[in-house]
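Note sheet for the following structure.
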Amino acid sequence: MAFDIDMIKGVYKNMAERVNKAREIVGKPLTLSEKILYAHLWEGNPTKAFVRGKDYVDFAPDRIACQDATAQMALLQFMQAGKAKVAVPTTVHCDHLIQAKEGAAKDLKHANTVSSEVFNFLESVSNKYGIGFWKPGAGIIHQVVLENYAFPGGMMIGTDSHTVNAGGLGMVAIGVGGADAVDVMADMAWELKFPKLIGVKLTGKLSGWTAPKDVILKVAEILTVKGGTGAIVEYFGPGATAMSCTGKGTICNMGAEIGATTSTFGYDESMERYLRATDRADIADAANEIKEHLTGDPEVYNNPEQFFDEVIEINLSELGPLLNGPFTPDLSTEVGASMTEKAKANDWPIKVEWGLIGSCTNSSYEDLSRASSIAQQALDKGLKIKADLGINPGSEQVRYTAERDGILQIFENLDAKIFTNACGPCIGQWARYSDPKNAPKNSIVHSFNRNFAKRADGNPNTHAFVASPEITAAIAIAGRLDFNPITDKLINENGEEVMFDEPTGWELPPKGFAVEDNGYLEPEADGSHVEVKVKEDSERLQLLTPFEPLGDSITGAKLLIKAFGKCTTDHISMAGPWLRFRGHLDNISNNCLIGAVNAYNDKTNFVKNQLTGDYGGVPDTARAYKAAGIKSIVVGDHNYGEGSSREHAAMEPRHLGVAAVIVKSFARIHETNLKKQGMLGLTFANESDYDLIQEDDTFNFLDLNEFAPDKPLTLEIVHANGSKDVITLNHSYNDAQIEWYKEGSALNLIKKQNAK
């Protein structure tokens with residue numbers, strides 16, 4: 001039986017009335033995305049039609065999911081909100097703080113030793129506030145959510161950008177910062193700008209070496225890393241319904257890499273099969289009763305150009321396997337000859353050192369079974385694997401079932417290393433090198449979602465390529481980036497030429513799923529007696545002190561850094577070894593913007609301190625300004641803050657005295673995170689004004705006392721020679737968000753309201 005079945009039935013009870021009312025108000029047939037959005041309005045039944053990409057709307061999500069790295073800060077904030085219990089079903093999943101090194105058993109034991117303080121804190125906070133707790137080793141948050149909590153037609157938010165994975169089960173599931181989650185935990189509305197809609201029509205059918213992963217790799221090529229910003233991507237068509245539920249999850253998962261608000265699919269038979277296989281027949285039965293409301297209206301899918309802001313069509317029968325990368329998930333190359341040509345032209349290492357299968361993107365039973373069919377062929381055909389191979393099962397249920405069915409043994413027979421049911425290398429938790437910064441140039445292939453520089457192993461010279469699990473397995477066995485398993489032959493240990501057959505696998509385990517201990521801890525019904533302790537001298541955890549408002553007169557601010565080019569949340573607040581400080585704001589602030597490239601010298605973590613004239617690290621320089629009572633400014637390029645939802649990328653600059661982040665354009669989640677922390681997130685009205693910013697500049701806001709929705713702000717830039725430029729800055733703050741700014745943060749406002 002499903003978790004929270006009464007809540008789900010309650011959602012379904014209201015669905016028909018709210019969808020019909022929305023259709024009446026909008027005056028046309030509805031997409032699935034619109035149905036779910038209008039069915040989850042904070043006000044209840046719809047009363048007006050919202051303008052896509054313009055109107056801010058208050059929503060009432062059904063549930064929240066948090067991973068351990070972001071949950072620390074989210075729950076530290078919730079502890080200040082003045083509430084005795086979370087208002088909606090919430091879970092915490094311990095999957096980020098487990099480093100991949102020696103293998104599952106040893107790595108999990110090590111994590112439970114070095115991070116026991118954090119795990120104990122999260123378990124006690126969860127128990128106190130009515131939050132379900134998934135222990136270390138239970139699995140990767142998004143796979144566990146898909147198996148246990150996702151349901152068609154639901155809305156959830158999660159403190160991880162890949163929360164969107166749950167779209168594989170027909171949800172609108174959106175990654176947010178912890179402050180957004182705190183709002184909903186504290187029984188407040190969650191605000192989102194009503195998304196635009198991108199429709200992706202899938203025709204034909206996947207076959208052979210082509211996998212669901214290749215669909216999203218192709219979409220990433222078409223839309224680029226920012227093409228989905230501010231939009232929900234809705235997949236439909238015969239190719240969509242022919243795909244497995246976990247395959248749909250893979251596609252939705254990587255929608256985060258195109259900047260999409262989320263991605264989703266309409267409810268169909270593959271979702272019903274998955275629900276029943278994962279012991280949720282009660283949800284399947286309830287969904288079947290209202291299934292016409294759990295997918296887009298027929299008119300929408302028959303004439304998509306009339307109902308979506310943009311439409312893409314992909315014929316799956318013509319789609320071949322792809323490799324995306326390096327250093328960006330939208331650089332797409334067909335396997336084989338195209339890769340040979342491109343690798344030579346760009347001096348990419350052809351030899352592949354590692355193949356990695358798993359992460360939240362591709363760690364289902366189906367994924368492991370298809371990849372294992374390639375591994376078994378290698379064994380049968382006498383091939384010796386040329387690269388190292390690592391496997392991260394998505395959950396204990398997947399791992400246990402795969403072990404029972406002999407799948408993991410096949411990988412082990414090929415000398416693969418089975419890592420813990422956790423994120424591991426996907427988020428930089430990979431102890432591959434003792435000195436990553438000086439590690440050699442090399443290539444790896446993985447089935448993960450992101451491949452930014454240093455993302456997996458901390459080595460800026462690692463060229464990471466994203467592929468399906470089956471292509472990853474084949475390339476790891478061949479040891480060459482340009483290997484095409486469809487056409488190329490390999491020489492086995494007997495000197496014979498052999499070729500791979502097409503991969504095979506199971507959508508669902510033939511014997512059903514099984515697990516002995518799924519790792520879940522139910523919270524006490526009344527946790528008021530539970531004591532949450534944080535040691536004063538802890539290096540890992542720190543109780544929060546509320547931010548002071550920045551005020552309506554910011555003058556004399558100094559430039560901290562002008563970031564050039566790609567500046568993701570990994571550049572602003574690195575993961576990897578820094579994950580251990582995610583619950584200690586002051587300590588983790590020592591990684592603030594250390595990965596951003598300084599536009600004036602092309603170096604990282606090397607900026608000018610205007611007080612001394614010396615150059616030093618970004619955090620040290622920021623602390624010097626803060627100690628002198630001087631606010632600082634960060635300037636950035638396009639799509640600033642893309643990537644993970646981590647709010648630390650906003651909280652760290654705020655903690656270090658940054659008053660405003662001024663960029664050409666923002667990634668959605670990061671812009672919201674800045675607003676939530678009471679900062680100014682602004683964009684150049686004229687992008688060329690970015691070029692006006694000089695290294696020794698001082699900034700004066702001329703009309704911040706008139707801060708209002710739809711009213712640009714005016715900034716005076718004072719150069720070192722005394723000359724000045726006055727520029728216009730745009731913003732997207734509404735009245736409520738301006739109140740966050742005035743109070744110092746959204747949390748300050750929540751606490752103030754709860755105290756009344």
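Tell me whether region 22-44 contains one or more residues that are part of a loop (DSSP other than H, G, I, E, B), among the small types (Gly, Ala, Ser), surrounded by fewer than 20 Cβ atoms within 10 Å (Cβ to Cβ) and out of contact with any Pro (no Cβ under 9 Å at 6 or more places or on another chain). Don't jump to the end; show me each part of the working.
Restricting attention to region 22-44, the residues satisfying the condition of being part of a loop (DSSP other than H, G, I, E, B) are 27-31, 40, 42-44.
This time we only want the ones that are among the small types (Gly, Ala, Ser), so: 27, 44.
Restricting the remaining residues to those that are surrounded by fewer than 20 Cβ atoms within 10 Å (Cβ to Cβ) gives 27, 44.
The next check asks that each one be out of contact with any Pro (no Cβ under 9 Å at 6 or more places or on another chain); those that pass are 27, 44.
The answer is yes; a qualifying residue exists.
Just the residues that are open to solvent by less than 30 Å² (accessible area, probe 1.4 Å) and of a type in the set (S, T, N, Q), please, taken from region 545-592.
If the condition is that a residue be open to solvent by less than 30 Å² (accessible area, probe 1.4 Å) and of a type in the set (S, T, N, Q), then Thr568, Thr569, Ser573, Ser589, Asn591 are the ones that fit.
Using the structure shown, decide if Ser126 is within 20 Å of the chain's Cα centre (by Cα), surrounded by 23 or more Cβ atoms within 10 Å (Cβ to Cβ) and of a type in the set (Ser, Thr, Tyr).
No; evaluated as a whole, the condition is false for this residue.
Scan region 62-106 residue by residue and report those that are open to solvent by 10 Å² or more (accessible area, probe 1.4 Å), under 30 Å from Asn14 (Cβ atoms) and not charged (D, E, K, R).
Gly82, Ala84, Val86, Ala87, Val88, Pro89
Which condition does Tyr365 not pass, out of (1) more than 22 Å from Lys248 (Cα to Cα); (2) aromatic (Phe, Trp, Tyr); (3) touching a residue at least 60 places away in the same chain (Cβ under 8 Å), if it passes all the others?
Of the numbered conditions (1) more than 22 Å from Lys248 (Cα to Cα); (2) aromatic (Phe, Trp, Tyr); (3) touching a residue at least 60 places away in the same chain (Cβ under 8 Å), the odd one out for Tyr365 is (1).
Which of the following residues is open to solvent by 80 Å² or more (accessible area, probe 1.4 Å) and touching a residue at least 60 places away in the same chain (Cβ under 8 Å): Glu524, Glu531?
Glu531
Go through Glu716, Glu647, Glu642 for me and flag whichever is of a type outside the set (Val, Ile, Thr) and more than 30 Å from the chain's Cα centre (by Cα).
None of the other options fit; the residue is Glu716.
Please verify whether Asn518 is assigned to a helix (DSSP H, G or I), polar (S, T, N, Q) and either in contact with a helix residue (DSSP H, G or I) (Cβ under 8 Å, 6 or more places away or on another chain) or under 17 Å from Val658 (Cβ atoms) (or both), treating the condition exactly as stated.
On the way: assigned to a helix (DSSP H, G or I): no; polar (S, T, N, Q): yes; either in contact with a helix residue (DSSP H, G or I) (Cβ under 8 Å, 6 or more places away or on another chain) or under 17 Å from Val658 (Cβ atoms) (or both): yes.
Spelling it out, it is not the case that Asn518 is assigned to a helix (DSSP H, G or I), polar (S, T, N, Q) and either in contact with a helix residue (DSSP H, G or I) (Cβ under 8 Å, 6 or more places away or on another chain) or under 17 Å from Val658 (Cβ atoms) (or both).
How do the pairs read when you match residues in region 1-26 that are under 15 Å from Pro152 (Cβ atoms) with residues anywhere that are surrounded by 14 or more Cβ atoms within 10 Å (Cβ to Cβ) and at pLDDT below 95, using Cβ under 7 Å and keeping only pairs 6 or more apart or on different chains?
Taking only residues 6 or more apart or on different chains, the pairs are Ile8/Ala2.
For every residue, the table says whether it meets (1) among the acidic types (Asp, Glu); (2) part of a helix (DSSP H, G or I).
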position: Ser363; (1), (2): no, no
position: Asp367; (1), (2): yes, yes
position: Arg370; (1), (2): no, yes
position: Ser373; (1), (2): no, yes
position: Lys384; (1), (2): no, no
position: Gly390; (1), (2): no, no
position: Tyr400; (1), (2): no, yes
position: Glu403; (1), (2): yes, yes
position: Gln409; (1), (2): no, yes
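What is the number of the single condition among (1) surrounded by 13 or more Cβ atoms within 10 Å (Cβ to Cβ); (2) among the β-branched types (Val, Ile, Thr); (3) free of Cβ contacts under 8 Å to residues at least 40 places away in the same chain that Val498 does not meet?
The single condition Val498 does not satisfy is (3).
Could you count how many residues in region 1-21 are open to solvent by 10 Å² or more (accessible area, probe 1.4 Å) and under 20 Å from Trp190 (Cβ atoms)?
6
The values are calculated or read from the model by the stated rules, or taken from the named source; none is laboratory data. Treat the numbers as computed from the prediction; the structure is a model and nothing was measured. Because the Cβ atoms are built from the backbone with ideal geometry, glycine has one as well, and the counts that use them run over all protein chains shown. Heads up: the accessible areas ignore ligands, DNA and RNA and are worked out on the full protein's heavy atoms, side chains in. Shrake-Rupley method; radii C 1.70, N 1.55, O 1.52, S 1.80 Å.
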